[in-house]
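The values are calculated or read from the model by the stated rules, or taken from the named source; none is laboratory data. Since this is a predicted model, take the numbers as computed values, not measurements. Every residue, glycine among them, receives a Cβ derived from its backbone with ideal geometry; neighbour counts consider all protein chains shown. The protein model used for the area step is the full one, side chains on, heavy atoms only, and it has no ligands, DNA or RNA in it. Shrake-Rupley method; radii C 1.70, N 1.55, O 1.52, S 1.80 Å.
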Amino acid sequence: MKQTTGSQKIPGFLLKWTVLSLFLILTLMPFLWLLISSLKTTFEIESGGFSFPASLQFINYVNAVSIANLPLLFTNSVLVAVLAVALNVAVGSLAAFVLAREQFPGRDFLYVALTAGILIPIISFLVPYFILITRIGLYNNLISLILIYAAVNIPVTVFLITSFMKAIPKEMEEAAVMDGCTFSTRFWRIILPLAQSGLATAGTFCFIYAWNEFILAMLFTSSESTRTVQLGIRFFQSQFQTDYGPMFAAIMLSILPTVAVYVFMHNKIISGLTAGAVKG
Amino acid sequence: MSNRKVLTVLTALAMGLVFLTGQLSAQEIVLKWPLIWVGGDGKAAPVKAIIEAFNAENAGKIKVEVEEQPNYDAYEQKVRVSLAAGIAPGDIFTFKLNPATAEFYKSPLVMDLSKDLTGAWAKNFPAASIKQATIGGKLKSIPFEIGVTPVWYNMDLMNKAGIKATPKTAAEFWAAADKLKALGIDPIAQNTGSTNAYITMLWFSHIAASRGGANVWAKPITDKVFVDSLKDLKRMYGYSNQDAIGAAPAIANGHFVKAESAIYTNGSWRLAATLKDGPTVYENLAWDYLPAFGANKNSIPMFLQAMIAAGETKDPARRAAILTFLKYFTAPDNVKKISLASGAMFTVPFTFEPANPVEAGLQKFMTLVQKASFTVPNLEVALGPAAVAEFGQRVSLYLTGGATEDEVLKAIAKKLED
């Protein structure tokens, strides 16, 4: 086999780092732009997109918190996102357990039917969801958002967790059966703990979706007491004008929880995704 | 009195109280209004004050409750979804009248006001606007807010370029653009971003009106008028801000307010913001028609911006309550309060007292409307959201040389056919 010399490695090394640097810039630029813009006046933002502020407008953050009533909106969003994740992962993992570990007629069809929802745009569900929610009296109630966010993410959750559970060696479960484990004990004691990474991945996706979602929140709520962060951010906009400075400050604050979730969970997310991708 | 008798009297009293409370609360009719004039909207404060005053005057009888809806596109989606689901979006709601929203007129959930908007109340509205809001003999929305978008000139910059008056001919317009460009000023403010490429779409509407006349939008979109209008628009782009492609309307607004662009077009709702952010620019403003690019002079894009509608009800008391509020809200004194606070214009006329610069600006807008040879809706209002979205998608590519006039217009025509 022909050996690669040091001088031959340099072009490859340069290419790799150039491509990676470009991707880094592409990823960081919008975030940096948002950060800089959140410290500018609205007038400065409207005058030129890429300039630096004449003086740092920390007042934008104060206005974002007070005008949009961010503490209440954060509380609502956290409540909705956390409970939606809990419900979604609970239901999704049970479905995934059966689909991944049990043999029964129509299993593959059921799996395809459940996961095909990934391909259906959410906009096609707006009218039936609206009818459903108003008829059961959950309009302008955070429970409506919890239920819908959990339901909308079921296909992704089932897809991810099923792939992960399929990768768990059958022998472990068989040994548990030999030791007298029941169906539910196998789920709670054996499979669920081993599928933690898959649960974390699915839960993170569901959390990010629930945190960032706007259209459904707009559709199903109508008062300040049920307003989420994404709705609150829109209060800096009007039909013809936008108060960009405080709005960008509010957006900066609103993305912190999702960034924090990803930072704390990224190892589990990556292992969950790769396990599903390789062995699913 | 025995314990049993005391208990009976107390029970009767309690039941009477419950009945009385029920009767009292039943008397108050609560009207829900999903409202877009909230948050940072210039109309938010005066509208809130008017609703509060109405609720105070009608305490115990009628109460208007606002459901705040800050994002217009999402709000319109909500109205559409609600009607499709067979539920009225509110007792009162608003929408922009265009070919897509005109479909709301077919809904039995929207109240027909044709027999109500009569007599003294009807006299508050110009007959032409009521006619425009009447479709198939039904008046399912009240023409309320209007949009007027003349051409704005920064006369300070124009004077620096040696131009003393607003251009009256196309030749003068292009000559002014050349002189401004020679001074290093971006002559014309444009933006092609957002879903409707708003300022660029307004410029296109101006040119099309000048070339095609009052009924320009009745022509097929592939007509020569629109081909030539696009060519003019492309020429304008050669004199526009460098960041026009893909920019939001705010960027064009910002360039004009910061005196980086000298010529611009937008509605009266920008008056208060321009005064606040660019008081020096505001002092030197002049508004005019676009000079005749075609055969038609002194045309101005004007359109019904917000229509007020009501949810249908079979309850006569509720219907009466809705009408009482609508009459109150659209009374000239209340409309004047909203207009002066926001700079927005309305179909309901009121007496101007130009004591402040925004009022003076509004007065000039009204004068332009009154003296116009004709008014014409803009592309978005005339052809609907699908057509304007296609225009927004294609125009950036066209202006930068990536598409022909034919390609742009055929794409819009296809969207209209769909």
Item to complete: Quick one: A:P257 ticks every box in (1) within 26 Å of A:P128 (Cβ to Cβ); (2) surrounded by fewer than 18 Cβ atoms within 10 Å (Cβ to Cβ); (3) touching a helix residue (DSSP H, G or I) at 6+ places or on another chain (Cβ under 7 Å) except a single one, so which number is it?
Response: (1)
Practice prompt. Within the stretch B:89-100, count every residue that is farther than 20 Å from B:L326 by Cα and surrounded by 19 or more Cβ atoms within 10 Å (Cβ to Cβ).
Written response: 1
Worksheet item: Within the stretch A:211-222, which residues are open to solvent by 10 Å² or more (accessible area, probe 1.4 Å) and either assigned to a helix (DSSP H, G or I) or more than 14 Å from chain B (Cβ to nearest Cβ) (or both)?
Response: A:N212, A:I215
Discussion item. All but one of (1) crowded, with 20+ Cβ neighbours inside 10 Å; (2) closer than 30 Å to B:A306 by Cα; (3) more than 10 Å from chain B (Cβ to nearest Cβ) hold for A:S225; state the number of the condition that does not hold.
Written reply: (1)
Worksheet item: Take the residues of the stretch B:123-139 that are under 22 Å from B:W33 (Cβ atoms) and out of contact with any Leu (no Cβ under 8 Å at 6 or more places or on another chain): which is surrounded by the most Cβ atoms within 10 Å (Cβ to Cβ)?
Response: B:N124
Worksheet item: When the stretch A:46-102 is examined, which residues are found to be of a type in the set (D, E, K, R) and away from every other protein chain (no Cβ under 14 Å)?
Response: A:R101, A:E102
Discussion item. With under 29 Å from B:P126 (Cα atoms) and in contact with a Pro (Cβ under 7 Å, 6 or more places away or on another chain) as the only criterion, which of B:Y289, B:Y282 stands out?
Written reply: B:Y289
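Does B:V81 satisfy being open to solvent by less than 20 Å² (accessible area, probe 1.4 Å), within 7 Å of another protein chain (Cβ to nearest Cβ) and not aromatic (F, W, Y)? Please lay out each step first, then the result.
Working: open to solvent by less than 20 Å² (accessible area, probe 1.4 Å): yes; within 7 Å of another protein chain (Cβ to nearest Cβ): yes; not aromatic (F, W, Y): yes.
Yes.
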Item to complete: Enumerate the pairs (first residue in the stretch B:270-281 and closer than 18 Å to A:E44 by Cβ; second residue anywhere and acidic (D, E) and open to solvent by less than 50 Å² (accessible area, probe 1.4 Å)) with beta-carbon separation below 9 Å, excluding pairs fewer than 6 apart on the same chain, so at least 6 apart or on different chains.
Response: B:D277/A:E46
Discussion item. The conditions are (1) out of contact with any helix residue (DSSP H, G or I) (no Cβ under 7 Å at 6 or more places or on another chain); (2) in a helix (DSSP H, G or I), and A:Y111 fails exactly one of them. Which is it?
Written reply: (1)
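Just checking, how many residues over the stretch A:228-245 are touching a residue at least 24 places away in the same chain (Cβ under 8 Å) and within 12 Å of another protein chain (Cβ to nearest Cβ)?
Final tally of qualifying residues: 10.
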Worksheet, complete the sentence: The residue that is farthest from the other protein chains (Cβ to nearest Cβ), considering only those in the stretch B:49-72 that are surrounded by 15 or more Cβ atoms within 10 Å (Cβ to Cβ) and part of a helix (DSSP H, G or I), is B:F54
Worksheet, complete the sentence: Across (1) out of contact with any strand residue (DSSP E or B) (no Cβ under 8 Å at 6 or more places or on another chain); (2) touching a residue at least 24 places away in the same chain (Cβ under 8 Å); (3) under 30 Å from B:A84 (Cβ atoms), B:A411 clears everything bar (2)
Discussion item. Here is a check on your reading of the model: is B:A252 touching a residue at least 60 places away in the same chain (Cβ under 8 Å), within 14 Å of chain A (Cβ to nearest Cβ) and surrounded by 24 or more Cβ atoms within 10 Å (Cβ to Cβ)?
Written reply: yes
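Quick one: is B:P187 surrounded by 22 or more Cβ atoms within 10 Å (Cβ to Cβ), modelled with pLDDT of 95 or more and in a strand (DSSP E or B)?
Considered against the rule, which asks whether it is surrounded by 22 or more Cβ atoms within 10 Å (Cβ to Cβ), modelled with pLDDT of 95 or more and in a strand (DSSP E or B), B:P187 comes out as yes.
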Discussion item. Could you go through the stretch B:344-353 and let me know if any residue there is within 21 Å of the chain's Cα centre (by Cα) and within 14 Å of chain A (Cβ to nearest Cβ).
Written reply: yes
Discussion item. Take the conditions open to solvent by less than 30 Å² (accessible area, probe 1.4 Å) and within 14 Å of chain B (Cβ to nearest Cβ) and apply them to A:F248. Does it pass?
Written reply: yes
Discussion item. Show the residue pairs meeting these rules: Cβ distance below 8 Å; 6+ apart or different chains; first residue within the stretch B:201-212 and charged (D, E, K, R); second residue open to solvent by less than 10 Å² (accessible area, probe 1.4 Å) and part of a helix (DSSP H, G or I).
Written reply: B:R211/B:S229
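Starting from residues that are in contact with an Asp or Glu (Cβ under 8 Å, 6 or more places away or on another chain) and touching a residue at least 60 places away in the same chain (Cβ under 8 Å), keep the ones in the stretch B:227-248 and report whichever is surrounded by the fewest Cβ atoms within 10 Å (Cβ to Cβ).
Checking each candidate, the answer is B:K231.
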Practice prompt. Tell me which residues, restricted to the stretch B:290-324, are open to solvent by 20 Å² or more (accessible area, probe 1.4 Å) and either within 14 Å of chain A (Cβ to nearest Cβ) or under 22 Å from the mean Cα position of the chain (by Cα) (or both).
Written response: B:N298, B:M302
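Looking at this structure, is B:T280 within 14 Å of chain A (Cβ to nearest Cβ), at pLDDT 90 or above, open to solvent by 50 Å² or more (accessible area, probe 1.4 Å) and within 28 Å of B:L183 (Cβ to Cβ)?
Yes.
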Discussion item. Which condition from (1) under 27 Å from A:D243 (Cα atoms); (2) part of a loop (DSSP other than H, G, I, E, B); (3) at pLDDT 95 or above is the one that B:T195 breaks?
Written reply: (3)
